[in-house]
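To start, the structure itself, in structure tokens.
A short reminder: the numbers here are calculations on the coordinates, not readings from a lab. The shown structure was predicted, so the numbers you read here are calculated from the model rather than taken from an experiment. Glycine also receives a Cβ, built like all others from the backbone with ideal geometry; neighbour counts cover every protein chain displayed.
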Amino acid sequence: MGYMLRRFGFYLVAFWVSITLNFFLPRFMPGDPVSRMVARLQGQIRPDQIEALKESFGLSDAPLWEQYLRYLGQIFTGNLGFSISRFPTPVIDVISSVIGWTFLLGFVSLIIAVVIGNVLGILAAWRRGGVLDSFVPPLLIFIGSFPYFWLAMGLLYLFGVTLGWFPLRHAYEVGTAPEFSLAFLGDVAYHLILPATSIVLVSVGGWMLGMRNTMIATNAEDYIVMAEAKGLRANRVMMQYAARNALLPSVTAFGMSLGFVVGGALLTEVVFAYPGIGYTLLAAVQNLDYPLMQGLFLTITTAVLIANFLVDIVYVRLDPRVRVS
């Protein structure tokens, strides 16, 4: 419990630092969104309306410390202000409407890459020097060396434009109303194939190589030699003794990757016009929508911190040495 409380305190401090930076960075930038809106409207807005807009976007003339305290109060009540590009929609509503698509794309891609990569890494290390160990890792690392957005554009051009096998954009057919039905779920899965494949192809090599190297080191441990000397079946030694302990570093890596699910597929979403966090962030930058940018950055940071804290909890249960230390 003491270990978990220390970790929780660490993440609280990290969260406070992130929201503080999120508050100050836009205010250190030249100009403000309201001035840009007024310039675009070319005098069609009254002074009292300008002041009301500034108040809505948290840009009052109050002292900085007072603005900061008001900002903290808004954060903990879920009030992130109004989106400029989608005014008067609240930022929290914009984020809630797109974050589900990012979770779907990122989580599906991550699970597929982790499962395939770890299984291939276990088999390659257990049969070290075989065909799987000699040819598959270099091939996957070569594919993973390409920028994932470049690979996404290649897949889109080949299978979407040239062959016409998959849709070119969006998360479902344009004009379709989202509903919980097999037809709609199938349409979502069909649109998910290309963007998820581009992420999996880039990341699966790293998962395989990491598991292979950890598994090779684990195979040299005394308890593996003892299990083999006892005459246990090879599959049991591989899975219950070697792979079970070799998976511990992958749990940590999985937690870190899970946190970056929210912000890790930004350019992939842009390439496929996938309506997630990345595509929305690009639109916010193009429209100088500072409140929405702040909300998106805060969402990404919070997701990373929560995922890492959950991994710390799981790691304590998986590895007794952490509890002892």
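Specify whether the C-alpha gyration tensor of region 92-141 places it in the rounded, prolate or oblate class, a ≥ b ≥ c being the square roots of the eigenvalues: rounded for a/c under 1.5, otherwise prolate if a/b is larger than b/c and oblate if not.
Judged from the Cα gyration tensor, region 92-141 comes out prolate (a/c at least 1.5, a/b above b/c).
Quick one: net charge around Arg236, please, counting Lys, Arg +1 and Asp, Glu -1 for every other residue with C-beta under 14 Å from its C-beta.
+2
When a/c is below 1.5 the answer is rounded, else prolate if a/b is larger than b/c, else oblate, so apply that to region 149-267 with a ≥ b ≥ c taken from the square roots of the Cα gyration tensor eigenvalues.
Because a/c hits 1.5 or more and a/b exceeds b/c, region 149-267 counts as prolate.
What is the sum of charges around Val94, taking Lys and Arg as +1, Asp and Glu as -1, for the other residues whose C-beta is under 10 Å from the C-beta of Val94?
-1
Could you order the peptides 79-90, 198-209 from most to least packed, using the average number of other C-beta atoms within 10 Å per residue?
For the peptides 79-90, 198-209, the packing ranking is 198-209, 79-90.
Residues of region 84-112 with amide nitrogen under 18 Å from the 7 Å Cα-to-Cβ point of Gln74?
So the set is 84-96.
Kindly identify region 58-161 as rounded, prolate or oblate by the Cα gyration tensor criterion: order the square roots of the eigenvalues as a ≥ b ≥ c, call it rounded if a/c is under 1.5, otherwise compare a/b with b/c, prolate if a/b is larger, else oblate.
Since a/c reaches 1.5 and a/b is larger than b/c, the shape of region 58-161 is classed as prolate.
Taking R0 as 56 Å, what's the FRET efficiency between Leu232 and Thr302 from their Cβ-Cβ distance, rounded to 0.05?
0.80
Find out how many positive minus negative residues lie around Leu296, taking Lys and Arg as positive, Asp and Glu as negative, among other residues whose Cβ is under 15 Å from that of Leu296.
Taking every other residue near Leu296 into account, the sum is -2.
Mind giving me the nanometre distance, one decimal, between the label points for Leu163 and Arg46, set 7 Å out from Cα along Cα→Cβ?
6.2 nm
Grab the beta carbon distance between Trp150 and Ser85, set R0 = 22 Å, and tell me the FRET efficiency rounded to 0.05.
0.20
Which FRET efficiency value, to the nearest 0.05, is calculated for Val17 and Phe103 with the Förster distance at 25 angstrom and r the Cβ-Cβ distance?
About 0.50, to the nearest 0.05.
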